[in-house]
1. Quick check: pseudo-label points 7 Å beyond the Cα along Cα→Cβ at Asn68 and Leu154, how many nm apart are they?
2. In nm, give the distance between the simple-model label positions of Glu126 and Glu60, each being 7 Å from the Cα along the Cα-to-Cβ direction.
3. With a 10 Å Cβ neighbour count serving as the proxy for reagent exposure, in which order, fewest first, do Val185, Val129 appear?
4. Measuring from label point to label point, each 7 Å out along Cα→Cβ, what is the Asn36 to Ala53 span in nm?
5. For each of Ile6, Ile187, count neighbouring Cβ atoms within 10 Å of the residue's Cβ, then give the residues from fewest to most.
6. Stretch Lys210-Lys165 to full length: gain in nm at 0.36 nm per residue minus the Cα-Cα span?
7. With the cut-off at 19 Å, report for the range 1-153 the share of all Cα pairs above it, as a whole percent.
8. Report, to two decimal places, the Cα Rg of the chain normalised by 2.2 N^0.38 Å (N = number of residues).
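Just so it is clear, none of the values below were taken in a lab; they were calculated from the coordinates. Note that this is a predicted model, so its numbers are computed, not measured. Cβ sites come from the backbone with ideal geometry, for glycine too, and all protein chains shown count toward neighbours.
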Amino acid sequence: MNIATIVFRAISALKHSLSAKGADSIHSPFLFELYNNVLTKNEPSNDYYIAQAYREDLMESDMIFKDNNNEETELWGEIETSAISEKTGSLLFRLVKHFKPKTLLELGTNAGVSTMFLAVALKGNEEGVKFYTIEKNPDLWQVVFDNYSHKKNLILGMPEIKFIKGDFKDRLPEVLNEIDTLDFVFIDGDHTKIGMLNYFNQCAAKASEKSVFVFDDIHWSAEMYDSWQQITQDKRISLSLDLLQLGIVFFDKKLSKQEFKIKWE
């Protein structure tokens, strides 16, 4: 990581902390309810602990896989540096529980930690759900496919997931051709401005007014933040939330066009 990126992240975090809003500064009824019942309400359920146990099991694994440079890497190290945190997983879980999407897409399966948090949130509400996740690393894809297949056989009510192996640019159009509407999207597999904007635009073409898109690492770099700002200005977006680590956008035209920096403890 270069010095410019380190400085950018530090400045971004400071600016966010100085301008982020809490419950007492939120006047939108939709956002107030979302803030109190989803964004900051952390009451883990038994289903949540299934996903957390999955993450912990992988962290203790001595499994070796080949990374995108074809070099052998320990799985726990990949999770420690690249997989989502427990905090992010918990929020993804609560968002899916709250909005109950029927069609989900994840760009960047990685070791499957986020995949599992999303999946357990659907548990018991899995009928008719279409869940797609795309990963280009074949070794990681196999790890997640095998682990999830095992979990699904042991735990009732887990949704079917279509695990797709390959580059986003090749496989995303194929997925989008299979579906009419995307209810929930989690984008966490391309940390470039061009990639983030491209995949947003492709997915947004399948969005409805009830769709929710979540972006990881929006303050990762100056170009990532620039792409996030462009997305918030898109005419299809109504409400956008900047949580520093994550960005969330909504397409519901009944909501006022607003951008919020949110305190996310």
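1. Distance between label points: 3.1 nm.
2. Reported label-point gap for Glu126 and Glu60 is 2.4 nm.
3. Details: Val185 24, Val129 18.
Ascending number of Cβ neighbours within 10 Å: Val129, Val185.
4. Between Asn36 and Ala53, the label points sit 3.4 nm apart.
5. Working: Ile6 10, Ile187 23.
The most exposed by this proxy come first: Ile6, Ile187.
6. Values: separation 45, 0.36 × 45 = 16.20 nm, distance 2.81 nm.
Stretched out fully, the Lys210 to Lys165 stretch lengthens by 13.4 nm.
7. The answer is 62 percent, as a whole percent.
8. On the way: Rg = 17.8 Å, N = 265, 2.2 N^0.38 = 18.3 Å.
Compactness ratio reported: 0.97.
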